Amino acid sequence: MSDCLFCRIAEKKIPAKVVFEDDQTMAFDDIHPQAPVHTLIIPKKHVAAIQECSEQDQVLLGRLLLTCSKVAKMKGLAESGYRVVVNTGRDGGQTVFHLHFHVAGGRSMGWPPG
Ligand code: AMP
Ligand code: ZN
């Protein structure tokens, strides 16, 4: 989608600090990090949110979590721990309507989230 920020990043039309990519997913550092490590993992194809996924997206959804795991290892978080977050819709605090997983770590995370 040409008017979608994360589609533009996936197409490399808008610069981002890309830390990993494969044929289906991309990971880049959040522009306003909320933790010492804060990276976003997106599908390269446009998907607005989890509930927009169908059975056909099963492999893609699995791949997104594997990319989260790879990024966490790459950033040295696997032992200390980290948070994987998918803000969804208005009450979930989603601001960019292209599915993305936040991987955040490098500090202790509070619970429950605000
Ligand atoms: P959410 O609020 O869950 O939809 O998360 C959107 C995230 O995208 C926020 O953490 C923003 O800081 C981040 N963000 C917005 N624009 C950019 C950008 N151009 N490059 C990297 N991250 C961005
Ligand atoms: Zn998009």
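General observations
- GNM top mover of Val96, Val86, Val59 - the chain, alpha-carbon springs below 10 Å: Val59
- Those trypsin sites (Lys or Arg not before Pro) in region 1-108 that DSSP places in a loop and that have at most 16 other beta carbons within 10 Å: Lys12, Lys13, Lys17, Lys45, Arg107
- Spin-label model, Val18 to Leu60: label points 7 Å out along the Cα-to-beta-carbon direction sit 1.8 nm apart.
- Computed over the chain, the per-residue total of -39500 (n - 2.57) for DSSP H runs of n ≥ 4 gives a 222 nm mean residue ellipticity of -6500 deg cm²/dmol, rounded to 500.
- Which of Ile42, Ile50 has the fewest Cβ neighbours within 10 Å, and the rest in rising order: Ile50, Ile42
- Calculated P(r) of region 5-105 - Cα pairs past 25 Å, %: 12 percent
- Here the Gaussian network model covers the chain, with springs between Cα atoms less than 10 Å apart; of Gln56, Gln34, Gln24, Gln56 fluctuates the most.
- By the beta-carbon count within 10 Å of each Cβ, the least crowded to most crowded order of His100, His38, fewest first, is His38, His100.
- Signed unit charges on C-beta, dipole axis of region 5-105, positive-most listed residue Val37, Gln51, Tyr82: Val37
- With pairing defined as another cysteine C-beta under 4.7 Å, the cysteines of the chain that fail it are Cys53, Cys68.
- Angle in degrees between helix 58-74 and the longest Cα principal axis of the chain, rounded to the nearest 10: 40 degrees
- Listed by chain and number, the aspartates and glutamates whose alpha-carbon sits under 12 Å from that of Lys17, ignoring those within fewer than 8 places in the same chain, are Asp29, Asp30.
We did not get these values from a lab; they are worked out from the coordinates using the rules stated. Predicted, not measured: the structure shown is a model, and the values here were computed from it. Counting neighbours? That spans all protein chains shown, and the Cβs are built from the backbone with ideal geometry, glycine included.
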